[in-house]
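The block underneath contains the structure these notes are about, expressed in structure tokens.
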Amino acid sequence: MPPRYIQSLPESARVIGDANDDEIQIIDKREAPKIRAKTGVLLEDKLHIFVRDALRYPSGEVGTAMRIIGCTMHDGPSGVVALCSRDGNIFLRETFRHATRRWELETPRGQRETGMSASDAALKEISEELGFKVRNMEQIGEVSGDTAILASTLPVFWADLEPGPPRDHPEDKEAFGRIVEVFPPELRTRISRCEIRDGYTLAALTLAQVAGKFRIPD
């Protein structure tokens, strides 16, 4: 029998699984007296729900593991990724990330607000982080940032930008540096030097190449 807190989670996060089918099954903690750690929703803020589940593994062993679930996943994806191009070049943004404590060169991405479509959320992130107008945009895939702990799967968009200067307007709780226009031949060098190492950005670049949007020269 699943634990009661499961019903409060977004639908996609309620999948119980079946250890008999070689899946990791969420169980009620009372089924495994050896589990002493607190389970259920541990913390919830405006962006994330932090959950620790009691689990049964295909081996029959039991234990616990954490999940991080986006708060807006009740009506869609928790966030979006947008890779932006103009005249064959890619536009990225220097962003100082608290988690890594360093500057990262990234494509626009961010949270999708409840009730907002994924495409509108992508346009919002492009406007805030780059400040360019978008000529047209299409979804080219999706990415799960860390399947070991993050429950979120984010749609990835390709955006063709209009000409004109940037008029970005970052949120107050973000730290941005330069907008960087990257020529395709530069990408291989920047990636090999770990100047571009954000997983969402690397995934978006891969998806864009698979979709035939551009090519990193050999």
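Every number here is computed from the coordinates shown, using simple stated rules; none is lab data. On a predicted model such as this, the values are computed, not experimentally measured, just so you know. For neighbour counting, all protein chains shown are included, and Cβ atoms are generated from backbone atoms with ideal geometry for every residue, glycine included.
Only DSSP H runs of four or more residues enter the estimate; each adds -39500 (n - 2.57), and after division by the residues of the chain the mean residue ellipticity at 222 nm equals -4500 deg cm²/dmol.
Lys pairs in the chain, Cα-Cα under 16 Å, at least 8 apart or on separate chains: how many? Intermediate results must be reported in sequence, preceding the final value.
Values: 29/38; 46/173; 124/133; 124/173.
The result is 4.
GNM remark for the chain: springs join alpha carbons under 10 Å apart, and the peak mean-square fluctuation among 43, 123, 154 falls on 43.
Across the options 139, 88, 116, the greatest Cα extent toward the positive end of the charge dipole of the stretch 80-152 (unit charges at beta carbon of Lys, Arg, Asp, Glu) belongs to 88.
Here the dipole of the stretch 4-71 is about 440 debye; that uses its Cα centre as origin and unit charges on the Cβ of Lys and Arg (positive) and Asp and Glu (negative).
List the GluC sites (Glu not before Pro) in the stretch 142-180 that DSSP assigns to loop (not H, G, I, E or B) and whose Cβ has at most 15 other Cβ atoms within 10 Å. Which are they? Each step should come with its number before you reach the end.
On the way: sites: 142, 171, 174; in loops: 171, 174.
Answer in residue order: 171, 174.
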